[in-house]
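The values are calculated or read from the model by the stated rules, or taken from the named source; none is laboratory data. This structure is a prediction, so every number in the text was calculated from the model and none was measured. Don't worry about glycine lacking a Cβ; one is built from the backbone with ideal geometry, like all the others, and counts go over all protein chains shown.
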Amino acid sequence: MIKIRLSKELYVYDVQGLCKSFYPTEQIVISCGEKETDKNLYSIYIDIELLEDKVIIDLYADDVSYTSQQQADQKTGRNYKNTLKKSLYELLSKLSGKKLPWGTLTGVRPSKLAMEQIEEGRGKEQVVDYMQKQYLCSREKSLMGYEIAKRELDILRAIDYENGYSLYIGIPFCPTRCHYCSFPSFPMEQFGDYMEKYLQALFKEIAYFSKKNWKKQLTSVYVGGGTPTTLSAEQLRRLLAKIRESFPVEKAVEFTVEAGRPDTITFEKLKVLKEAGVTRISINPQTMNEETLLRIGRKHTVSQVAYGFAMAREAGHDNINMDLIVGLPGEGEKHLEKTLDWVVDLKPDSLTVHSLVIKRASLLNQGKEMNAQSGDVGQMLAMTADFAKKHEYLPYYMYRQKNATGTDSDSRENVGYAKTGKESVYNIIIMEEKQSILALGAGASTKVLTPTGKKKLERVENVKNIGDYISRIDEMIERKENILQFM
């Protein structure tokens, strides 16, 4: 067990996240207040004094101890936090003998910092140097952050993103619940009877906000879940018609609908999507290995994935994304090679590669599947990067997640790759927090950039439970009133 004592209740998550990056399998306990009297109770004990003008860190482990004392002005905010994290990083690196590719960065959006530098007019080498010195990132990751941020900005600037907003519609139904899933997702077998009532509540929320006098133009629309194609063809037709009659979808540069589960796809539904003006869909196998699909609770076959792709192309869809997960229970490099061979044959227009994340709400966190061994996640992610480069998929957005499998920070990377011109605008917008997003439906999170000095992101959450969403729909509408004035 690792025990950390902070003199003040500040930067708790930053300190915990950095320690977890070095010691992903260790239990970490953080307290604020009095110093520990018996440091030998723990494998590592870290004492952090956060003073007005300096940061003092004492680290004790077995028969060794290290001390760091760095000058820092607490009034400088980010600079003070960076001093703390760099000091802690250097001590943990000395103790463990490890260096982290992303250095002190523990958040989900490392490319956001590179983007800030580019927007301030700095060139490639200046940005790379900044990432290396300020956050101790490797040159490889610094270059990756720069290149993705540059590509994102080029895409955003071409669509006048600053004068726009995006729309998210949540459909929280799935045929079954995947064992790794932590999203609001309700299996049809138990919750199918709620679907019509849910749509009526959702239509009420859509109708209410369609009457608002929006100050910005609609940039993108994203219908996610769950699995929206769990709806019948007729329900899907009504939903898309409601969205189109309520918002100026024809002015949006992108209209995405997730068709993630191949076992929900029919040719009729794919035609409904195309006729409604949907410009991008996702068909997400996660893996193309039958035994893994069964293990993780996805009740579809590899052949259904291939058939779904063929139907989508026949229906006229020319921008199809495929999601893959690296590090699934029991999968190693040979399983990934088989999946990538299928990608070559199916030719998706974009490819999103996730590393497995075990969330508290997922079934994997509660069952024996947690004990199944995976291959070297870092190596497998490198395989997907090499594959993408070879087949001309360029990385265009990236994020990291906490609680990922694997033993180093490389295993926490999630990268979106796309053929030129097939990038998802919505993915960039939500990841880089460059635009307000009006989110409707159970579990949907509205995010509004408020123009108060430096733009601040305000969030308003809808309840996740379908029954609560239906019965409290008026409350869900009222929750957004106070912040939507900025949109």
In this structure, is PHE203 touching a helix residue (DSSP H, G or I) at 6+ places or on another chain (Cβ under 6 Å), hydrophobic (A, V, I, L, M, F, W, C), in a helix (DSSP H, G or I) and in the same structural domain as GLU245 (by TED's automatic domain parsing)? yes
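Per-residue answers, yes or no, for (1) at pLDDT 95 or above; (2) of a type in the set (A, V, I, L, M):
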site	(1), (2)
ASN79	no, no
LYS86	yes, no
TYR89	yes, no
LYS98	no, no
PRO110	no, no
LEU113	no, yes
GLY123	yes, no
LYS133	yes, no
Within the bounds of region 218-228, is there any residue that is closer than 25 Å to LEU324 by Cβ, assigned to a helix (DSSP H, G or I) and either of a type outside the set (A, V, I, L, M, F, W, C) or in contact (Cβ under 8 Å) with a residue 40 or more places away in the chain (or both)? yes
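For region 104-117, what are the residues that are touching a strand residue (DSSP E or B) at 6+ places or on another chain (Cβ under 7 Å) and surrounded by fewer than 20 Cβ atoms within 10 Å (Cβ to Cβ)? Can you show your working first?
Let us first name the residues in region 104-117 that are touching a strand residue (DSSP E or B) at 6+ places or on another chain (Cβ under 7 Å), namely 108-111.
Once the filter is applied, which keeps residues that are touching a strand residue (DSSP E or B) at 6+ places or on another chain (Cβ under 7 Å) and surrounded by fewer than 20 Cβ atoms within 10 Å (Cβ to Cβ), region 104-117 yields VAL108, ARG109.
Which is within 19 Å of ALA207 (Cα to Cα), among the acidic types (Asp, Glu), assigned by TED's automatic domain parsing to the domain that holds TYR208 and outside any loop (DSSP other than H, G, I, E, B), of GLU291, GLU268, GLU245?
Checking each option against the conditions leaves just GLU245.
Tell me which residues, restricted to region 23-33, are part of a loop (DSSP other than H, G, I, E, B) and either hydroxyl-bearing (Ser, Thr, Tyr) or at pLDDT 85 or above (or both).
TYR23, THR25, GLU26, GLN27
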Please state which one of GLY297, GLY277 is at positive phi, touching a Cys at 6+ places or on another chain (Cβ under 7 Å) and either assigned to a loop (DSSP other than H, G, I, E, B) or at pLDDT below 95 (or both). GLY297
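Step by step: first the residues of region 123-139, then only those that are assigned to a loop (DSSP other than H, G, I, E, B) and within 18 Å of ASN79 (Cα to Cα), then the one that is farthest from the chain's Cα centre (by Cα). Which residue is that? Let's see the steps before the verdict.
So the first thing to find is which residues in region 123-139 are assigned to a loop (DSSP other than H, G, I, E, B), and the list is 123, 136-138.
Applying the additional criterion that residues be within 18 Å of ASN79 (Cα to Cα) yields 136-137.
Details: LEU136: 23, CYS137: 21 Å.
Restricting to residues being assigned to a loop (DSSP other than H, G, I, E, B) and within 18 Å of ASN79 (Cα to Cα), the top hit is LEU136.
For PRO101, indicate whether it is more than 22 Å from SER21 (Cβ to Cβ), in contact with a Cys (Cβ under 9 Å, 6 or more places away or on another chain), of a type outside the set (S, T, N, Q) and surrounded by fewer than 23 Cβ atoms within 10 Å (Cβ to Cβ).
Details: more than 22 Å from SER21 (Cβ to Cβ): no; in contact with a Cys (Cβ under 9 Å, 6 or more places away or on another chain): yes; of a type outside the set (S, T, N, Q): yes; surrounded by fewer than 23 Cβ atoms within 10 Å (Cβ to Cβ): yes.
No; evaluated as a whole, the condition is false for this residue.
Checking the conditions here, which among ASN427, ASN414 is in a helix (DSSP H, G or I) and surrounded by 15 or more Cβ atoms within 10 Å (Cβ to Cβ)? Write out each step before concluding.
Values: ASN414 fails: in a helix (DSSP H, G or I).
Unique residue meeting the criteria: ASN427.
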ILE320 under 30 Å from ALA310 (Cβ atoms), modelled with pLDDT of 75 or more and crowded, with 22+ Cβ neighbours inside 10 Å: no
All but one of (1) surrounded by 14 or more Cβ atoms within 10 Å (Cβ to Cβ); (2) in a helix (DSSP H, G or I); (3) among the aromatic types (Phe, Trp, Tyr) hold for TYR13; which doesn't? (1)
Hits in region 469-487 (condition: without any contact (Cβ under 8 Å) to a residue 24 or more places away in the chain, more than 19 Å from ALA207 (Cβ to Cβ) and not in a loop (DSSP other than H, G, I, E, B)): GLN485
Here is a list: SER409, SER350. Which entry is of a type in the set (Ser, Thr, Tyr), surrounded by 21 or more Cβ atoms within 10 Å (Cβ to Cβ), in contact with a Ser or Thr (Cβ under 8 Å, 6 or more places away or on another chain) and at pLDDT 85 or above? SER350
In region 4-44, anything in contact with an Asp or Glu (Cβ under 6 Å, 6 or more places away or on another chain) and within 24 Å of GLY97 (Cα to Cα) is listed as ARG5
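Quick one: would you say LEU6 is more than 16 Å from THR104 (Cβ to Cβ) and either among the acidic types (Asp, Glu) or touching a residue at least 12 places away in the same chain (Cβ under 8 Å) (or both)? Show your work before the answer.
On the way: more than 16 Å from THR104 (Cβ to Cβ): yes; either among the acidic types (Asp, Glu) or touching a residue at least 12 places away in the same chain (Cβ under 8 Å) (or both): yes.
In short, yes.
Looking for whichever is over 20 Å from ALA439 (Cβ atoms), surrounded by 15 or more Cβ atoms within 10 Å (Cβ to Cβ), in the same structural domain as HIS317 (by TED's automatic domain parsing) and touching a residue at least 40 places away in the same chain (Cβ under 8 Å) here; the options are LEU273, LEU167. Which one fits?
Numbers: LEU167 fails: over 20 Å from ALA439 (Cβ atoms).
Answer to the selection: LEU273.
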How many of the residues making up region 435-473 are among the acidic types (Asp, Glu) and closer than 23 Å to GLY225 by Cβ? 2
For region 57-90, which residues satisfy the criterion of being farther than 13 Å from ASP14 by Cα, in a helix (DSSP H, G or I) and touching a Ser or Thr at 6+ places or on another chain (Cβ under 8 Å)? GLU90
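Taking the options GLN126, GLN132, name whichever one is under 20 Å from LYS81 (Cα atoms) and out of contact with any Gly (no Cβ under 7 Å at 6 or more places or on another chain).
On the way: GLN126 fails: under 20 Å from LYS81 (Cα atoms).
Criteria check complete, one pass: GLN132.
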Please go through region 196-237 and give me each residue that is surrounded by fewer than 22 Cβ atoms within 10 Å (Cβ to Cβ), among the hydroxyl-bearing types (Ser, Thr, Tyr) and closer than 17 Å to PHE255 by Cβ, ordered by number. SER210
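Restricting attention to region 43-63, does a residue exist that is among the hydroxyl-bearing types (Ser, Thr, Tyr), farther than 18 Å from ILE2 by Cβ and not assigned by TED's automatic domain parsing to the domain that holds ASN414? Walk me through how you get there before you give the answer.
At the first step, the residues of region 43-63 found to be among the hydroxyl-bearing types (Ser, Thr, Tyr) are 43, 45, 60.
Within this subset, residues satisfying the condition of being farther than 18 Å from ILE2 by Cβ are none.
Checking region 43-63: not a single residue is among the hydroxyl-bearing types (Ser, Thr, Tyr), farther than 18 Å from ILE2 by Cβ and not assigned by TED's automatic domain parsing to the domain that holds ASN414.
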